[in-house]
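Encoded as structure tokens, the structure appears first; notes follow it.
The values are calculated or read from the model by the stated rules, or taken from the named source; none is laboratory data. Since the model is a prediction, treat every value here as computed from it, not as a measurement. Counting neighbours? That spans all protein chains shown, and the Cβs are built from the backbone with ideal geometry, glycine included. Calculation scope for accessible area: heavy atoms of the full protein, side chains included, ligands and nucleic acids excluded. Shrake-Rupley method; radii C 1.70, N 1.55, O 1.52, S 1.80 Å.
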Amino acid sequence: MITPIPILLLITPLLAAIVVSIVNTLSKTKILQKIIAAISLVLPFFYLSIIFQRISTESISYNVGGWEKPFGITLVIDELSFILLLISSILVFVTFIYSLQNIKQDTGKFYFFFLLLTTALNGIFLSGDLFNIYIFFDLTIISSFILITFGDKKYALKGSIKYLILGTLASLFLLLGIGFVYAETGVLNLEYVQHRISLIDVQTQIVIFVFFLAAVGIKAAIIPFHTWLVDAHSTAPVPISALLSGIIVKSGVYVFIRISSFEFSFPKMNEVIIMLGAITAVGGVIGALMQWDIKRITANHTISQIGFIIVGIGTGSTIGFAGGIYHIVNHAFFKALLFLCAGALIYKTGSKDIRDYRIGWTMPITFIVYVIGILSISGITPFNGSVSKKLIETAIHSYPGISIMLLFASVGTVASFSKILYYAFFKHPKDKNNGKDEKKVPFTMLVSMIVLAVFCLALGIIPQVWLDGFILPASYLLGGVNLIQQVSFIEPLSILKEWIIVGGGLVLLFLIISFSTMVDSLRTKISKITVNQSILFMIITLILISMIFDSLKYV
Amino acid sequence: MINGINIGLVLFLIGLYGIITNKNLIKIIMSLGISSNGIVLFFNSLGYVQGGIPPILTESSVNFVDPVPQALMLTMIVINLCDTALALAIIVWIYKKFGTVNIEEMT
């Protein structure tokens, strides 16, 4: 049945963005813009609740302008895009509440681009054809690129121009891929392309896949396409960092899921994707272990967790897709939580270097939610990260080498986050400056952090509810097989394994701290790599991947 | 073979070469522009039909040029203009803050 709801999801934030900018020029008060933005961010929950009642029985689509698919612009909502729309709406709303106190200047401009970003995100998840994905892809780049410059000025400019160069390059690669698809199949609609792609000859399929891989690789920060992420995410204002890591990177992963569900017919595609994912997981952790800046550590962990997701998706099995999608949801919540807590710590101390913190027990609420976030990202049993990591581990049991790499990534995750915990909270606190700089974290910031922590707990304690309700329908759709082994999420052996990982992490942390001079020199060497060199490296990797596929195509 | 598709791809690669070798931000943006123009040429050549007529509704609706790539490229040109304008604006800002547009000298 045709309902206007998909288009409403796009129009509401877009219209609100325009109204906010007009109000901003006309009046000097700041309240009205915030009220308009808040209303337009609450309305999507209403639309999504209507969609939720219908989605199990019928597919929801809307033809813009009344033109039928494959020729018109179609907006489609299936189970997968519903999940992403839901978490993006929640995250956008939570970070909006957080930004009420955090963003002090140019609020009108900030909310304009914030709402534009919301539109673009909804657009990616809604669009049913390749060219619309390109348009909204570029719109996220443009709007988030401006939002980054609201951060700490000098370095934010550097991070954002890097993001713009690589992001534009990503959209050009996507366009080239789209061009080849259109030339060979004559359609752009995702449903049609999905089946017709296997009719193309194998060599062209490889070219198309490699172009798409470059595009979504840059957007989703798969190593070696990740170089923009750490600079951009660590210099952006805190709510935008949370959004960037929470959902904008996931929009790349979403497009990657769509592309990997095309029926490409050349061999070894899954293995190469899994390998890239595992390298990403380990590389992100190694990057995080070398840093002292709290936001750079958190940003590096985004790369590493994306690696886990890509490994899950790369298996191509139902359980792998379930793990990957569940990890997308989990990562959105715990990474946003970690960034917002980092923001609270920065707000309190005015520094990003974890060695300056040593605040002791002066921030109990922040401490508790931060520990919840860390236990979630480390995958300790009652918290949400454990569920999705267990699903991904089950999916890759036939690749022992990959399992070991992911195990190392988990150990490194524990190590780098216990570094933050140790320096910020447990190390002998600094002398109080006679209570002069007793900055209180505002109530709105605390509320948004607590909401995210509750989500982390809820997703971890009752995983079966979410799996049956949301995740499994979406992964049946992609994996094709209606069969999933029963995975039990609470068993003593795996809990023991998790705590062994924690122990390993603490040992690794001890090693890192004792060799810290060596690590520091390595870090300065890596930070000298320019945009040019990273792009050259990317292109060499692309050529290598296409050569691997080409040599294997007749095996 | 010299046709629009191949020349478009070659232009894309020339732009890519420019992005890799230049240290100057403005030159990098110019190279991105060359790449995207290559893609415009590539797309428009996809829909080209030898001796075809413009895709305007006429009585004889045979042998006309495919209008879809042209429509896509109109959209893409607008988006790309927006990208370039924003990038140049930020480069002006960078020049005020850092005093240089060379990516190696920005510290």
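Roughly how many Å is it from the Cα centre of the stretch A:277-332 to that of the stretch B:9-42, as a whole number?
32
Determine the calculated [θ] at 222 nm for the protein assembly as shown from helices alone, applying -39500 (n - 2.57) to every DSSP H run no shorter than 4 residues and normalising by the residue count; nearest 500 deg cm²/dmol.
Calculated mean residue ellipticity at 222 nm is -24500 deg cm²/dmol.
Set the Förster radius R0 to 30 Å, insert the Cβ-Cβ distance between A:Val272 and B:Asn6 as r into 1/(1 + (r/R0)^6), and round the FRET efficiency to 0.05.
0.60
For B:Phe98, put the label point 7 Å out on the Cα→Cβ axis and report which residues of the stretch B:7-51 keep their amide N under 14 Å from it.
Only B:22-29 pass the distance filter.
When we measure straight from the Cα of A:Lys295, which aspartates and glutamates land under 15 angstrom away, once same-chain ones fewer than 8 places off are left out?
Qualifying aspartates and glutamates at Cα under 15 Å: A:Asp152, A:Asp231, A:Asp353, A:Asp356.
Enter the angle in degrees (range 0 to 90, nearest 10) between the Cα long axis of helix B:4-21 and the first principal axis of the Cα atoms of chain B, meaning the one along which they spread out most.
10
If the limit is 20 Å between Cα atoms, which of A:Lys162/B:Lys97; A:Lys158/A:Lys219; A:Lys34/A:Lys104; A:Lys30/B:Lys97 go over it?
Over 20 Å apart, Cα to Cα: A:Lys30/B:Lys97.
Mind giving me the FRET efficiency for A:Gln105 and A:Leu511? R0 is 51 Å, r the Cβ-Cβ distance, nearest 0.05 is fine.
After rounding to 0.05, the efficiency reads 0.75.
Extending each Cα 7 Å along its Cβ direction at B:Ala89 and B:Thr21, get the distance between those two points in nm, one decimal.
3.2
Regarding the stretch B:4-98, what's the average projected area of the Cα-atom convex hull, expressed in nm²?
If you wrap the Cα atoms of the stretch B:4-98 in a convex hull and average its projections, you get 6.9 nm².
On alpha-carbon atoms, Rg over Rh for the protein assembly as shown using Kirkwood Rh?
A ratio of 0.95.
When only Cα pairs under 8 Å and 6 or more residues apart are kept, what is the percent relative contact order across chain A?
15
Taking the Cα-to-Cβ direction at B:Leu57 and at A:Ala458 and moving 7 Å from each Cα, how far apart do the two end points lie in nm?
Rounded to a tenth, the inter-label distance reads 5.1 nm.
Hey, got the average number of other protein chain Cβ atoms within 10 angstrom for residues in B:78-88?
Mean shielding count: 4.
Nearest 100 Å² is fine: how much accessible area is buried between B and A, summed over both sides, with a 1.4 Å probe?
It comes to approximately 3400 Å² buried between B and A.
Name the residues of the stretch A:451-466 whose amide N is less than 20 Å from a point 7 angstrom out from the Cα of A:Val42 along the C-beta direction?
A:451-452
Could you work out the relative contact order of chain B? I mean the mean sequence separation of Cα pairs under 8 Å and 6+ apart, divided by the number of residues, in percent.
27
If you take each beta carbon of peptide A:172-180 and count the beta carbons of other chains within 10 angstrom, what is the mean?
6
What's the longest piece of chain A with no exposed chymotrypsin sites (Phe, Trp or Tyr not before Pro), counting a site as exposed if DSSP puts it in a loop and it has at most 13 other beta carbons within 10 Å?
My reading of the result: A:72-360 is the longest stretch.
Pop a pseudo-label 7 angstrom from the Cα along the beta-carbon direction at both A:Ser551 and A:Leu536 and give the gap in nm to one decimal.
It is 2.3 nm.
Using modelled amide H (1.01 Å from N, peptide plane; none on Pro or chain starts), what sits under 5 Å from the amide H of A:Ile60, excluding residues fewer than 5 places away?
A:Ile77
Ignoring the sites themselves, what is the longest stretch of chain A with no GluC sites (Glu not before Pro) in a DSSP loop and at most 12 other beta-carbon atoms within 10 Å?
After excluding every exposed loop site, the longest remaining stretch is A:69-262.
Run through the stretch B:1-106 and list the trypsin sites (Lys or Arg not before Pro) located in a DSSP loop whose Cβ has at most 16 other Cβ atoms within 10 Å.
Those that pass, being in a loop and sparsely packed, are B:Lys23.
Given a Förster distance of 41 angstrom, what is the FRET efficiency for A:Leu421 paired with A:Ile22, based on the Cβ-Cβ distance and rounded to 0.05?
0.30
Take the Cα of A:Asp293, step 7 Å along the line toward its Cβ, and report every residue of the stretch A:522-548 whose backbone nitrogen sits under 18 Å from that point.
So the set is A:522-532, A:534.
With every protein chain kept in the model, how would you rank A:Lys427, A:Lys28, A:Lys268, A:Lys335 by accessible area, 1.4 Å probe, largest at the top?
Result, largest first: A:Lys28, A:Lys268, A:Lys427, A:Lys335.
Using a 1.4 angstrom probe on the protein heavy atoms only, could you order A:Ser81, A:Ser317 from most to least accessible area?
A:Ser317, A:Ser81
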